[in-house]
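All remarks here apply to the structure that follows.
The values are calculated or read from the model by the stated rules, or taken from the named source; none is laboratory data. Computed from a predicted model, the values in this text were never measured in an experiment. Using ideal geometry, Cβ is built from the backbone for each residue, glycine included, and neighbour counts are taken over all protein chains shown.
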Amino acid sequence: MTSTSTERKYYLPEGLPAPAPHIDDLGKEFWDGTREHELRVQFCESCQEFQWGPEWICYRCHSFDTLTYRTVEPRGTIFSWERVWYPTHPALQMGVPYLVALVELPHAGNIRMVGNLLGDPEQEVVIGSAVDAVFEDHDDSDPQYTLVHWRTV
Ligand SMILES: [Zn+2]
């Protein structure tokens, strides 16, 4: 099995819309963290639980003013995954197949986040496998941003 993805500068092909984080939005702390190669997720100081994705309200205790961010270890396990064969954007025409993983963070309340799974797109993927975050800097973008991908350990 071969892959051309390792020859590209970035994991995903050129031409896709950039995530362009908004500096005032809920995700600012997450995006600031990725620039420093840290994984920051929401934490409720009232009920002492993590949650993801970012919300204005804690979805457990319904507090509005108790949500903060905590830096957590950038590793997890594969909870679910899919191999994408259909290019949903013209830029992905040469970028399929690719792997999308739902990664669970056992040390952060088992919250789950979606990301690309790096490596051979036709690799065997095993539920429960350990994965590490891979921070991909886009220093040549304005504004600069850093994506979080995942790779099996
Ligand atoms: Zn709470």
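State whether the residues of segment 107-122 include one that is more than 23 Å from residue 135 (Cβ to Cβ) and either in contact with a Ser or Thr (Cβ under 6 Å, 6 or more places away or on another chain) or surrounded by fewer than 16 Cβ atoms within 10 Å (Cβ to Cβ) (or both).
Checking segment 107-122: at least one residue is more than 23 Å from residue 135 (Cβ to Cβ) and either in contact with a Ser or Thr (Cβ under 6 Å, 6 or more places away or on another chain) or surrounded by fewer than 16 Cβ atoms within 10 Å (Cβ to Cβ) (or both).
Any idea which of (1) modelled with pLDDT of 95 or more; (2) more than 16 Å from residue 84 (Cα to Cα) is the one residue 124 doesn't satisfy?
All conditions are met except number (2).
Within segment 13-36, track down each residue that is under 30 Å from residue 123 (Cα atoms), at pLDDT 80 or above and assigned to a loop (DSSP other than H, G, I, E, B).
Within segment 13-36, 13, 14, 15, 16, 36 meet the criteria.
Taking only segment 40-73 into account, find how many residues are acidic (Asp, Glu), modelled with pLDDT of 95 or more and within 12 Å of the ligand (Cβ to nearest atom).
So the count comes out to 2.
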